Amino acid sequence: MRGKRFNSPNDVVFKSNGDFYFTDPPYGLLKGNDDPAKELPFNGVYRVSKGGVVTLLTKEISFPNGLAFSPDEKTLYVASSDPKAGDLDGLPGE
């Protein structure tokens, strides 16, 4: 993301238009959020367009983990593995 490495891209889901979405939690980093190798100050959810453009959708979910679309693809569901947060957040399916 702008010259910085992602934390540890995790789950991915594809949309019928060819875009894909992924979570980027810190789970692959030895010390998680406190790892000195972590280059981004947040954990994010991203979309990669069919043309390869990367867009940050949110950095407000502390530990984004699982992804799924609603059947009509209008809502992207993002699971959070943060015990202090709710279990599921919904984002517009873009």
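Can you tell me which residue in segment 49-85 is nearest to F20 (Cα to Cα), limited to those that are over 11 Å from the mean Cα position of the chain (by Cα) and hydroxyl-bearing (S, T, Y)?
S49
Within the set of pairs 6 or more residues apart or between chains, which connect a residue that is among the small types (G, A, S) inside segment 45-59 to a residue that is assigned to a loop (DSSP other than H, G, I, E, B) with Cβ atoms less than 6 Å apart?
S49/D19
For segment 33-41, state whether one or more residues are free of Cβ contacts under 8 Å to residues at least 12 places away in the same chain and surrounded by 14 or more Cβ atoms within 10 Å (Cβ to Cβ).
yes
Could you tell me which numbered condition N10 fails, if it satisfies all but one of (1) under 24 Å from K84 (Cα atoms); (2) at pLDDT 95 or above; (3) open to solvent by 20 Å² or more (accessible area, probe 1.4 Å)?
Result: N10 passes all but (2).
The values are calculated or read from the model by the stated rules, or taken from the named source; none is laboratory data. In this text the structure is predicted, and so the values were computed from the model without any measurement. All Cβ positions, even for glycine, are placed from backbone atoms using ideal geometry, and neighbour counts span all protein chains on display. Surface accessibility is based on the protein's heavy atoms, side chains included, excluding ligands, DNA and RNA. Shrake-Rupley method; radii C 1.70, N 1.55, O 1.52, S 1.80 Å.
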